[in-house]
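These notes are about the structure you will find just below.
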Amino acid sequence: MISKSVLLLLIGSALVTWIPRITPFILGKMVKFPAIVTRFLQYLPLSILCALLLETVFNAKAGSLATPKWDVVIALIPTVITAVWLKDLMKTVVVGIAAMALVRLVI
Amino acid sequence: MEEVETDTGYTTFRDGVRSCLPTVLGYLGIGFSFGIVGINSHLNLFEITLMSAIVYGGSSQFVMCGLLLANTSITGIVMTVFLVNLRHLLMSMTASPHFREESLLSNISVGSLLTDESFAVFSTTVAQEKHFSLRWMEGLNVTAYLTWIVATFLGGLVGNFISNPEQFGLDFALTAMFVGLFLTQFEWELSKNMKKSIMVVATVVVSLYILLSFVSSSLAVIISALLGCLVGGLAYDK
């Protein structure tokens, strides 16, 4: 049902993902983070969501400038319009998927 | 947190489920395409479902499949997964102070199920200055978790018949979800402090683009997000 190497891989990957996820929650129970840390982290949601979004738009290769994925850029246009206009995440995702399917059909 | 009055819609487990619903379609799209990609990477249905249940990190799971196909060593893959998922450390650091009063076990459970998307929904709730309960957070997290596993399983079932989920645009569910989550957060931050929010976003955009030429994209995300925090924090009192 599962090969030994895959099982090993899954357990290893699960651990290296889980530990960073829970450590701050365990530490946070024992000590209070300094105010300065909290002050800077206040901007994390905005910063990291922006970074995660942009990361999906570019083809990155170390040593050369990142190039935009053009199919993603084109599909982004109706997606962003929907998001701004309707402010509805579910509709944004539907329009996005449909737009991308159409773009890939044409390109 | 129990002593504090919570806002309507942010109190019960069920409220948490409801708060998760807008993201459910995104999880379904991404989880489904992951299931297909997983099967086409020569993993079986049990292996991909187990992966979604114990790794539970969307982008890292796609990366794992790619590396498996490229015959990368187990150590190499695990190290990459660590880097790709390291951003959760920052999210957990940001979210954890809100759960200080809860038990250690509750803290571990909230941390274990924290994802980009649940963190975004959580952060928007914080930005809106809503008071929420632990049960609400659990409802949000558990709904996302179960959706992810079911979507993976379903994708795995059809994985033998579809080799390329990209032709249906399903992979774009990730980008589309980030668009919606980012814009919602941005709107709230703009309404609070327009100049500073624009400065933070501009810093992230410019630094991410530059960093992508020098470091892996997962490191670029972490460093540019930290630079965004730095600019926001330094401009604190203005």
So, in the range B:171-205, of the ones that are out of contact with any helix residue (DSSP H, G or I) (no Cβ under 8 Å at 6 or more places or on another chain) and of a type in the set (A, V, I, L, M), which residue ends up surrounded by the fewest Cβ atoms within 10 Å (Cβ to Cβ)? B:M194
When you scan the range A:50-71, how many residues do you find that are assigned to a strand (DSSP E or B) and within 7 Å of another protein chain (Cβ to nearest Cβ)? 5
Taking A:K32 and the conditions (1) modelled with pLDDT of 95 or more; (2) open to solvent by 50 Å² or more (accessible area, probe 1.4 Å); (3) over 24 Å from B:V201 (Cβ atoms), which numbered condition does it fall short on, given that it satisfies the others? (1)
When the residues of the range B:144-167 are narrowed to those that are part of a helix (DSSP H, G or I) and without any contact (Cβ under 8 Å) to a residue 24 or more places away in the chain, which ends up surrounded by the fewest Cβ atoms within 10 Å (Cβ to Cβ)? B:Q167
Filter the range B:216-238 for residues that are among the hydrophobic types (A, V, I, L, M, F, W, C) and at pLDDT 95 or above and give the result. B:L219, B:A220, B:V221, B:I222, B:I223, B:A225, B:L226, B:L227, B:C229, B:L230, B:V231
Return the residues of the range B:59-79 that are open to solvent by 10 Å² or more (accessible area, probe 1.4 Å) and either under 20 Å from B:T49 (Cα atoms) or touching a strand residue (DSSP E or B) at 6+ places or on another chain (Cβ under 9 Å) (or both); say none if nothing qualifies. B:S59, B:F62, B:V63, B:G66, B:L67, B:L68, B:L69, B:I74, B:V78
I'm told A:C50 meets every condition in (1) open to solvent by less than 10 Å² (accessible area, probe 1.4 Å); (2) outside the structural domain of A:A75 (by TED's automatic domain parsing) except one. Can you identify the failing condition by its number? (2)
Can you name the residue in the range A:72-107 that is in a helix (DSSP H, G or I) and not aliphatic (A, V, I, L, M) and, of all such residues, is farthest from B:A225 (Cα to Cα)? A:R104
Checking B:L105 against (1) at the interface with chain A (Cβ under 8 Å from one of its Cβ atoms); (2) among the hydrophobic types (A, V, I, L, M, F, W, C); (3) free of Cβ contacts under 8 Å to residues at least 24 places away in the same chain, the condition it does not meet: (1)
Only one of A:I11, A:I2, A:I19 is open to solvent by less than 80 Å² (accessible area, probe 1.4 Å) and not charged (D, E, K, R). Can you tell me which? A:I2
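State whether one or more residues within the range A:97-107 are farther than 29 Å from B:L21 by Cβ, facing another protein chain (nearest Cβ under 7 Å) and modelled with pLDDT under 95.
no
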Here are B:V84, B:V63: which of them is under 20 Å from B:L219 (Cβ atoms), touching a residue at least 60 places away in the same chain (Cβ under 8 Å), among the β-branched types (V, I, T) and in the same structural domain as B:F153 (by TED's automatic domain parsing)? B:V84
State the number of residues belonging to the range B:10-60 that are at positive phi and without any contact (Cβ under 8 Å) to a residue 40 or more places away in the chain. 1
Suppose we filter the range B:1-51 for residues that are of a type in the set (S, T, N, Q) and outside any helix (DSSP H, G or I); how many remain? 6
Test A:V80 against the stated conditions and say whether it is within 7 Å of another protein chain (Cβ to nearest Cβ) and either more than 28 Å from B:M93 (Cα to Cα) or open to solvent by 60 Å² or more (accessible area, probe 1.4 Å) (or both). yes
I need the full set of residues from the range B:136-184 which are within 11 Å of chain A (Cβ to nearest Cβ), of a type in the set (S, T, Y) and closer than 20 Å to B:V37 by Cα, in order please. B:T175
From the list A:S47, A:S13, A:S5, which one is facing chain B (nearest Cβ under 7 Å), within 20 Å of B:S112 (Cα to Cα), not in a loop (DSSP other than H, G, I, E, B) and not basic (K, R)? A:S13
Which of the numbered conditions does B:M199 fail, given that it passes all the others? Conditions: (1) in a helix (DSSP H, G or I); (2) within 19 Å of the chain's Cα centre (by Cα); (3) touching a residue at least 24 places away in the same chain (Cβ under 8 Å). (2)
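Has the range B:208-215 got any residue that is within 12 Å of A:S47 (Cα to Cα) and open to solvent by less than 40 Å² (accessible area, probe 1.4 Å)? Break it down stepwise before answering.
Applying the first criterion (within 12 Å of A:S47 (Cα to Cα)) to the range B:208-215 yields B:208.
Now restrict to residues that are open to solvent by less than 40 Å² (accessible area, probe 1.4 Å): B:208.
Looking through the range B:208-215, at least one residue is within 12 Å of A:S47 (Cα to Cα) and open to solvent by less than 40 Å² (accessible area, probe 1.4 Å).
The values are calculated or read from the model by the stated rules, or taken from the named source; none is laboratory data. Here the structure is a predicted model, which means the values were calculated and not measured. Positions of Cβ are generated from backbone atoms using ideal geometry, with glycine treated the same way; all protein chains shown enter the neighbour counts. Side chains are part of the model used for accessible areas, which takes the heavy atoms of the whole protein and leaves out ligands, DNA and RNA. Shrake-Rupley method; radii C 1.70, N 1.55, O 1.52, S 1.80 Å.
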